[in-house]
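The values are calculated or read from the model by the stated rules, or taken from the named source; none is laboratory data. Treat the numbers as computed from the prediction; the structure is a model and nothing was measured. Quick reminder, even Gly has a Cβ in these numbers, built from the backbone with ideal geometry, and neighbours come from all protein chains shown. What goes into the accessible areas is simple: the full protein's heavy atoms, side chains included, and nothing from ligands, DNA or RNA. Shrake-Rupley method; radii C 1.70, N 1.55, O 1.52, S 1.80 Å.
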Amino acid sequence: MNGQLLQGKTALVTGAGSGMGKAIAKLFAAEGANVILADLNEEAALQVVAELPEGSGHAVQADVADDESVAALVRETLDVYGAPDVLVNCAGVPQAFTPIEELTLAQWDRIMSVNTKSIYLTTRHAVPHMKAKNKGSIINIASIAGIRARPGLNAYCASKGAAIMLSKALAIELAPHHIRVNVINPGPAETPMLGKFINGDEAEVEAGKKDIFISSVPLGELIQPEDIAQAALYLASDLSKIVTGEVMNVDGGRGI
Ligand SMILES: NC(=O)c1ccc[n+]([C@@H]2O[C@H](COP(=O)([O-])OP(=O)(O)OC[C@H]3O[C@@H](n4cnc5c(N)ncnc54)[C@H](O)[C@@H]3O)[C@@H](O)[C@H]2O)c1
């Protein structure tokens with residue numbers, strides 16, 4: 001689909017160097033947006049920019065868990081394409097299945113910082129510019145793990161559950177400014193992240209993808225990054241202009 005649903009809009013997408021963030025950036029650019037592709041991995045973000053229509057993408061190296069880095073990211077967005085109309089918080093880190101007594105404080109802090117604190121930081125820095133426009137759409141990529149637990153995913157589930165509730169709190173707070181805040185909960189998705197949930201060698205990871213993940217999806221297949229991008233396009237565009245505080249499971253029925 002190559003339309004103009006996001007014509008003239010500025011979209012800031014975190015985690016845009018890989019997986020779902022990459023698919024979102026590509027679809028948004030195809031729909032007419034100017035896209036800032038933020039990622040810790042600058043090389044990866046630059047590679048995605050090279051795949052976009054000329055002039056429609058700009059890569060920024062940023063750590064979404066770091067306040068200064070996020071402040072600089074929003075400043076660069078303003079300089080390059082102007083105030084963001086759309087913010088997609090997609091950057092995230094997985095957790096390899098770990099019993100709670102073996103989970104280190106450093107692991108806990110990292111997962112909560114990248115998956116949850118990041119939403120507070122990007123929103124805090126972007127929202128004043130959205131308020132000035134009296135309009136905006138914020139899309140937070142949480143996880144079906146935020147509403148349906150799995151053993152050994154303690155910190156990850158907590159980080160995504162918090163992301164969902166933070167999104168709802170922001171949706172009600174920002175509604176008077178016509179800034180919508182919605183959540184997408186992906187189910188197990190075919191991206192570089194999926195294998196990282198499993199402890200083990202390559203063969204164990206491949207077996208785990210089938211035994212643990214595909215078998216947990218009622219529709220019987222892994223979610224594709226493009227499936228998430230289509231949902232994000234709906235939430236970013238005016239097609240969803242009356243939708244806020246919504247949590248959309250894009251998960252092949254995993255959350256049922
Ligand atoms: N893959 C799945 O099965 C799955 C399922 C449910 C939810 N999710 C969530 O979807 C989102 C996207 O995941 P994905 O599968 O596309 O993963 P991915 O690993 O393919 O991409 C994640 C991107 O985030 C970037 N990133 C990580 N930490 C960062 C930081 N501190 N600052 C900036 N960028 C950072 C990485 O460099 C990478 O490019 C994540 O929030 C993830 O938790 C994934």
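Sorted largest first, the principal axis extents computed over the alpha-carbon atoms of region 1-50 equal 29, 19, 17 Å. Element breakdown for the chain at a 1.4 angstrom probe: carbon and sulfur atoms account for 55% of the accessible area. Candidates Gln224, Leu153, Asn134 compared by Cα position along the dipole of the chain: farthest toward the positive end lies Asn134, with charges placed on Cβ. Between region 150-196 and region 57-96, what is the C-alpha centre distance in whole Å? Taking the Cα centre of region 57-96 as reference, the centre of region 150-196 is 17 Å away. Only protein heavy atoms count here; on that basis, with a 1.4 Å probe, Asp211 has an accessible area of about 110 Å².
So, R0 is 45 Å and r is the distance between the beta-carbons of Leu46 and Ala149; what FRET efficiency does that work out to, to 0.05? For Leu46 and Ala149, the calculated efficiency is 0.75. Of all lysines in the structure, those lying under 20 Å Cα to Cα from Lys196, and not within fewer than 8 positions of it along the same chain, are Lys22, Lys160, Lys209, Lys210.
Here Lys241 is the anchor, and the aspartates and glutamates within straight C-alpha reach of less than 15 Å, apart from those fewer than 8 places off in the same chain, are Asp85. Long hydrophobic helices in the chain, taken as whole DSSP H segments with a C-alpha length of 24 Å or more on their own axis and mean Kyte-Doolittle hydropathy at least -0.5: 154-174. Sites listed here are GluC sites (Glu not before Pro) in region 1-87 whose DSSP assignment is loop and whose Cβ has at most 15 other Cβ atoms within 10 Å: Glu51, Glu54. On a per residue basis, region 28-162 carries 41 Å² of accessible surface, using protein heavy atoms and a 1.4 Å probe. Of the residues Gly17, Gly57, Gly195, the one that moves most in a GNM of the chain with alpha-carbon contacts below 10 Å is Gly195.
The relative contact order of region 191-256 comes to 32 percent, based on Cα pairs under 8 Å that sit 6 or more residues apart.
Ligands, DNA and RNA aside, Met20 has an accessible area near 30 Å² when probed at 1.4 Å.
The rule of thumb for compact globular proteins, 2.2 N^0.38 Å, goes into the C-alpha radius of gyration of region 30-115 1.31 times.
Enter the mean projected area of the convex hull around the alpha-carbon atoms of region 1-160, in nm², rounded to one decimal.
Over all viewing directions, region 1-160 projects a mean Cα-hull area of 9.7 nm².
Extents of region 139-247, taken as max minus min of Cα coordinates on every principal axis and listed largest first, are 51, 26, 22 Å. With a Förster radius of 51 Å applied to the beta-carbon distance between Glu173 and Ala203, the computed FRET efficiency rounds to 0.60.
Using the Cβ of Lys135 as centre and a radius below 13 Å, the other residues enclosed give a net charge of +3, where K and R count +1 and D and E count -1.
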